[in-house]
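For reference, the structure discussed in these notes is given below.
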């Protein structure tokens with residue numbers, strides 16, 4: 001095999017590898033998007049179940065002294081539990097290895 005042939009094969013292989021990397025990144029982005037949509041739909045589904053369960057029966061007699069999170073903060077808490085950042089710095093990105101994020105926790109549980 002001539003040196004020129006080997007060089008051309010290496011160039012072709014490099015081009016193929018770059019195409020594969022590009023396809024991989026596209027698929028990875030689509031999977032991330034799908035996972036985010038799935039988490040959002042789970043939260044919405046849970047919210048709708050709660051609305052159906054309550055069926056207009058609000059039995060809030062003040063017997064629960066622990067303050068409850070608002071619906072929006074509950075949604076953020078669920079997204080956080082699904083492994084996503086909810087803080088301003090990393091919003092929507094996956095938390096690597098489910099590491100805790102003080103900024104996210106402040107958004108969910110902090111005083112406003």
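Residues of region 71-108 being under 24 Å from residue 51 (Cα atoms), in contact (Cβ under 8 Å) with a residue 12 or more places away in the chain and exposed (fewer than 15 other Cβ atoms within 10 Å of the Cβ), which ones?
Matches in region 71-108: 71 only.
I'd like the full set of residues that are in contact with a helix residue (DSSP H, G or I) (Cβ under 9 Å, 6 or more places away or on another chain) and either assigned to a helix (DSSP H, G or I) or at pLDDT 95 or above (or both), limited to region 1-48.
Residues of region 1-48 that are in contact with a helix residue (DSSP H, G or I) (Cβ under 9 Å, 6 or more places away or on another chain), as a first pass: 1, 36, 39-40, 42-44, 46-47.
Once the filter is applied, which keeps residues that are in contact with a helix residue (DSSP H, G or I) (Cβ under 9 Å, 6 or more places away or on another chain) and either assigned to a helix (DSSP H, G or I) or at pLDDT 95 or above (or both), region 1-48 yields 36, 39, 40, 42, 43, 44, 46, 47.
The values are calculated or read from the model by the stated rules, or taken from the named source; none is laboratory data. Predicted, not measured: the structure shown is a model, and the values here were computed from it. Cβ coordinates were reconstructed from backbone atoms using ideal geometry, including for glycine residues, and neighbour counts include every protein chain displayed.
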